[in-house]
Amino acid sequence: MKGKEFNYSFKVKDESYLWSEDNEVISFHALSTSSLLEEIHKCTYNILKDLLEKDQVSVVSHSCIDHLSSTPYSFKVFIKLKITDVSYNKVHFQGEAFDEINKIATFELTRNIVSKKILRKNLNQKMESINLSGQISERYT
């Protein structure tokens, strides 16, 4: 898989993609960095999901983006990514994103391949460490 390249695209087609940290920035109708990063994460998840065993899942353990240029509402975004390394349970990606005019981002991320059972167990242990009032149980303080 190392060195393999993938291409994806999406359209900034609804308000859930827009920068919305306050009322003023909403009026810019621009793609938010968090939405762009979410789309990149989805791409890498989809690349790996069919290659994993049924009892495995890939989780993001590292993510870094340089958002270089704004993208207006209704523009199409193109994501180019490449698997740069596979070591043990880690798959490393690097890539770029473009809109219809120019490069809008560069990024890198790592996904760890983990057991669904162990992930659920760890999440359940955290939930069990908090009692009904939302306070941390005495055994964890």
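Each value in this text was obtained by applying a stated rule to the coordinates, not by laboratory testing. These numbers come from a predicted model, not from an experiment. Because the Cβ atoms are built from the backbone with ideal geometry, glycine has one as well, and the counts that use them run over all protein chains shown.
Please say if the range 1-48 is rounded, prolate or oblate, where rounded means a/c under 1.5 for a ≥ b ≥ c the square roots of the C-alpha gyration tensor eigenvalues, and otherwise the choice is prolate for a/b larger than b/c and oblate otherwise? Prolate.
Here the Gaussian network model covers the chain, with springs between Cα atoms less than 10 Å apart; of D22, D66, D55, D22 fluctuates the most. What's the longest uninterrupted piece of the chain once you rule out the GluC sites (Glu not before Pro) that are loop residues per DSSP with at most 15 other Cβ within 10 Å? In the chain, the maximal stretch lacking such sites is 54-99.
Run the numbers for S87 and K11: contour at 0.36 nm per residue of separation, minus the present Cα-Cα distance, in nm. Provide the component values of the computation, followed by the final result.
On the way: separation 76, 0.36 × 76 = 27.36 nm, distance 3.32 nm.
Gain on extension, S87 to K11, equals 24.0 nm.
Computed over the chain, relative contact order equals 26 percent, with contacts defined as Cα pairs under 8 Å that lie 6+ residues apart. Local charge for D66 was computed over the other residues whose Cβ lies under 14 Å away, with Lys and Arg +1 and Asp and Glu -1, and equals -1.
Do any of K11/K49; K4/K80; K54/K82; K49/K117; K49/K121; K2/K80 go past 18 Å between their Cα atoms, and which? Those over the limit are K11/K49; K54/K82; K49/K121. The label point for S74 and the one for H62, both projected 7 Å from the Cα toward the Cβ, are 4.1 nm apart. Taking the range 36-73 and a reference point 7 angstrom along Cα→Cβ of N122, the backbone N atoms nearer than 20 Å belong to 41-42, 44-46, 48-49, 52-64. Subtracting the Cα-Cα distance of L52 and S27 from their residue separation scaled by 0.36 nm leaves 4.8 nm. Checking the a/c ratio against 1.5 first, then a/b against b/c, what shape does the Cα gyration tensor give for the chain? Because a/c hits 1.5 or more and a/b fails to exceed b/c, the chain counts as oblate. Our coupling estimate for the range 101-118, obtained by passing each phi through the Karplus curve with A = 6.51, B = -1.76, C = 1.60 and θ = phi - 60°, is 10, 7, 5, 10, 6, 10, 7, 8, 7, 10, 10, 9, 8, 10, 6, 4, 4, 5 Hz, Gly and Pro reported as x. If Lys and Arg each add +1 and Asp and Glu each add -1, what is the summed charge of the other residues whose beta carbon sits under 14 Å from the beta carbon of N89? Result for the neighbourhood of N89: 0.
Given only helices, namely DSSP H runs of n ≥ 4 each adding -39500 (n - 2.57), what is the per-residue ellipticity at 222 nm of the chain, to the nearest 500 deg cm²/dmol? Show your work: numbers first, answer last.
Details: 3 runs with 34 residues, N = 141.
That calculation yields -7500 deg cm²/dmol at 222 nm.
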